[in-house]
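Visitor: Got a structure here, written out as structure tokens. Questions coming.
The values are calculated or read from the model by the stated rules, or taken from the named source; none is laboratory data. Worth saying up front: this structure is predicted, and the values here are computed from it rather than measured. Counting neighbours? That spans all protein chains shown, and the Cβs are built from the backbone with ideal geometry, glycine included.
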Amino acid sequence: MENNDPNVRSVESTQRCYVRFINTTSKTIDLMWVNFAGVYVRYRILRKDDYIDVNTFKTHPWIAKDFMTKDILHIDSKYSYEPRTSKEIIQERFPDRIIPENHEARIRAYITLPLFSLRYACLLTVRNHMLNEEDVDQLLLPKSLSEDLKKVIKRRNRECSLQVLSREFED
């Protein structure tokens, strides 16, 4: 899958991290690891309230996308999640606490919906009712809205297969 940010990629690391990814949305999501070439690699599909325990590395980024629309979601309030060790998190919150050298525990990473502007949220909602960019011309929208709507449809169509889109419109 396509990565729009060439700087997001895994880097070699020996520092292990133990993460529990929890889907707190009402959507089915794609949980993806960003490999060393910056390519999104599907790790697991999580339904509403599902979780998965992952043993990963500190410099291995993760992303989550809506399974149907391919809209990027948040993991711990960020579009790209960089795991941290539980030891780092404890030291940050309790700087005076002494932590055993070999301490490690699984940390929770919550998958949530990002907060969009009202304008963008409306564009996404309208987009979900349109199959092609050409359909926008029938709406008689102001030029700036029309152009932005075409962009979000184009992005969605680039990432979604037409087969999935066709099934949505049949229901």
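Visitor: If we scan the stretch 64-75, do we find a residue that is within 22 Å of Arg155 (Cα to Cα), buried (at least 17 other Cβ atoms within 10 Å of the Cβ) and among the polar types (S, T, N, Q)?
Guide: Yes, the stretch 64-75 contains at least one residue that is within 22 Å of Arg155 (Cα to Cα), buried (at least 17 other Cβ atoms within 10 Å of the Cβ) and among the polar types (S, T, N, Q).
Visitor: Within the stretch 10-64, restricting attention to residues that are in contact with a helix residue (DSSP H, G or I) (Cβ under 9 Å, 6 or more places away or on another chain) and assigned to a strand (DSSP E or B), which residue is farthest from Arg84 (Cα to Cα)?
Guide: Restricting to residues being in contact with a helix residue (DSSP H, G or I) (Cβ under 9 Å, 6 or more places away or on another chain) and assigned to a strand (DSSP E or B), the top hit is Tyr18.
Visitor: Another question about this same structure. Among (1) among the hydrophobic types (A, V, I, L, M, F, W, C); (2) in the same structural domain as Thr28 (by TED's automatic domain parsing); (3) farther than 22 Å from Ile63 by Cα; (4) modelled with pLDDT of 90 or more, which single condition is Ile99 missing?
Guide: Of the numbered conditions (1) among the hydrophobic types (A, V, I, L, M, F, W, C); (2) in the same structural domain as Thr28 (by TED's automatic domain parsing); (3) farther than 22 Å from Ile63 by Cα; (4) modelled with pLDDT of 90 or more, the odd one out for Ile99 is (4).
Visitor: Go through (1) farther than 21 Å from Arg155 by Cβ; (2) modelled with pLDDT of 95 or more; (3) outside any loop (DSSP other than H, G, I, E, B) for Glu92 and report which single condition fails.
Guide: Here Glu92 clears every test but (2).
Visitor: Within the stretch 105-164, can you find the residues that are of a type in the set (A, V, I, L, M, F, W, C) and touching a strand residue (DSSP E or B) at 6+ places or on another chain (Cβ under 8 Å)?
Guide: Residues satisfying the conditions are Ala105, Ile107, Ala109, Ile111, Leu113.
Visitor: Here's a follow-up. Just to be sure, is Pro83 crowded, with 17+ Cβ neighbours inside 10 Å and of a type outside the set (S, T, N, Q)?
Guide: Yes, satisfied.
Visitor: Still on this structure, I have one more. Looking only at the stretch 8-32, which residues are within 16 Å of Ala109 (Cα to Cα) and touching a residue at least 60 places away in the same chain (Cβ under 8 Å)?
Guide: Listed by number, the residues that qualify are Arg16, Cys17, Tyr18, Val19, Arg20, Phe21, Ile22, Asn23, Thr24, Thr25, Ile29, Leu31.
Visitor: In the list Glu147, Glu134, Glu159, which residue meets the criterion of being at pLDDT 95 or above and farther than 30 Å from Gln91 by Cα?
Guide: Of the residues listed, the single one that is at pLDDT 95 or above and farther than 30 Å from Gln91 by Cα is Glu147.
Visitor: Scan the stretch 70-82 and give yes if some residue there is of a type in the set (Gly, Ala, Ser) and part of a strand (DSSP E or B), otherwise no.
Guide: no
Visitor: If you check Val136 against the conditions, is it surrounded by 15 or more Cβ atoms within 10 Å (Cβ to Cβ), of a type in the set (A, V, I, L, M, F, W, C) and over 30 Å from Tyr51 (Cα atoms)?
Guide: Criteria met by Val136.
Visitor: Tell me whether the stretch 99-116 contains one or more residues that are part of a helix (DSSP H, G or I) and under 22 Å from the mean Cα position of the chain (by Cα).
Guide: Checked against the condition, which is being part of a helix (DSSP H, G or I) and under 22 Å from the mean Cα position of the chain (by Cα), the stretch 99-116 yields no hits at all.
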